[in-house]
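Novice: Below: one structure in structure tokens.
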Amino acid sequence: MQKVIVKPKKDAITKECYELKPVVIKKNHLRYIEPYEFKYQLYAKRRWIGKPLIEILLAEFRRYDENYFLNAMEKELLLLNGKKANPYQKLKDNDFIAHVVTRHENPILDVKLEIVYEDDKYVVVDKPPSWPIHVCGGYQFNTLNRILIDDYGYKN
């Protein structure tokens, strides 16, 4: 019997991010997100084909060193095609990399969002300082986009 590895579609990856619900802690006029487990997921890029996984990780994801990546592979927090990753395995077209981390988001100001104008197509807000607009860098939930979705019930 041949084992088949099912890789998620790109839409499923995006959907998974939006299904996560943060635990929000508000104190000292700041909005904190409780640390949470997050799975980075991506397909191998064309320029990575034929290069060892560890070489790509060290070149592209400089936040971590070689010991970190080797440890993450050993603990199966970093997988290649749904299986324990071999750091020296050369990447192939359509290889799927998943990396589980604990994320700690920076706090933002805890202020009420002022909705200036709204109709069927648009929502205009007075964006508070310190609020990123969308997912970026260290922010997944403490963003204007996610607060509009999670706290105000907006979609699209």
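The values are calculated or read from the model by the stated rules, or taken from the named source; none is laboratory data. The structure presented is a predicted model; accordingly, all values stated were derived computationally and were not measured. Here the Cβ positions follow ideal geometry from the backbone for every residue, glycine too, while neighbour counts run over all protein chains shown.
Novice: Which residue, of TYR40, TYR32, TYR64, TYR18, is in a strand (DSSP E or B) and modelled with pLDDT under 95?
Specialist: Exactly one of TYR40, TYR32, TYR64, TYR18 is in a strand (DSSP E or B) and modelled with pLDDT under 95, namely TYR40.
Novice: Moving on. Among residues belonging to the range 30-83 that are aliphatic (A, V, I, L, M) and free of Cβ contacts under 8 Å to residues at least 12 places away in the same chain, point out the one that is surrounded by the fewest Cβ atoms within 10 Å (Cβ to Cβ).
Specialist: ALA59
Novice: From (1) modelled with pLDDT of 95 or more; (2) at positive phi; (3) surrounded by fewer than 12 Cβ atoms within 10 Å (Cβ to Cβ); (4) not charged (D, E, K, R), pick out the condition that doesn't hold for GLY153.
Specialist: (1)
Novice: Next question, about the same structure. Residues that are among the basic types (Lys, Arg): find the strands (runs of 3 or more DSSP E) completely inside the range 72-156 holding 1 or more of those.
Specialist: Fully inside the range 72-156 and qualifying: 96-103.
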